[in-house]
Amino acid sequence: MLTLMVTYNLLQVQIGTQIRIQSFAGGKALASKLRQYGLFIGDQARVLRMGAFAGPVLLEVNGREIALGRDIAAQIVVESI
């Protein structure tokens with residue numbers, strides 16, 4: 001049986017959704033910056049909040065909350081779990 005994996009960018013995910021980070025579309029510089037924040041490919045996270053008026057995206061990852069700007073969030077490829 002073939003299971004199809006559907007991926008989204010982080011901005012397309014609904015609040016409360018559990019996700020797994022698949023990749024970073026912004027290149028090596030973005031990946032390095034996100035690793036400094038404690039975000040790694042394969043991490044599971046939950047979307048806590050999408051800020052109003054183009055505000056930040058708030059994630060819960062490994063028991064911590066991380067706020068990301070929308071331009072960065074748009075470059076994070078995730079799948080729902």
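The values are calculated or read from the model by the stated rules, or taken from the named source; none is laboratory data. The structure displayed is predicted, hence computed values, not measured ones. Backbone-built Cβ (ideal geometry, glycine too); neighbour counts: all protein chains shown.
Data for the structure
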item: Strands (runs of 3 or more DSSP E) (entirely within the chain) containing at least 1 residues that are among the hydroxyl-bearing types (Ser, Thr, Tyr); result: 7-9, 18-24, 76-80
item: Matching entry among ALA25, ALA45, ALA31, ALA52 (being at pLDDT 95 or above and out of contact with any helix residue (DSSP H, G or I) (no Cβ under 7 Å at 6 or more places or on another chain)); result: ALA45
item: Search result, residues across the range 59-71 that are over 9 Å from the mean Cα position of the chain (by Cα), surrounded by 14 or more Cβ atoms within 10 Å (Cβ to Cβ) and closer than 26 Å to MET5 by Cβ; result: GLU60, VAL61, ILE66, ARG70
item: Residues satisfying the stated conditions in the range 1-21, i.e. loosely packed, with under 11 Cβ neighbours inside 10 Å and of a type in the set (A, V, I, L, M, F, W, C); result: MET1, LEU2, LEU4, MET5, VAL6
item: Identity of the residue in the range 7-22, over 10 Å from ALA74 (Cα atoms) and of a type in the set (Ser, Thr, Tyr), that ends up modelled with the lowest pLDDT; result: THR7
item: The range 22-58, residues that are exposed (fewer than 14 other Cβ atoms within 10 Å of the Cβ), in contact with a Lys or Arg (Cβ under 9 Å, 6 or more places away or on another chain) and of a type in the set (A, V, I, L, M, F, W, C); result: ALA54
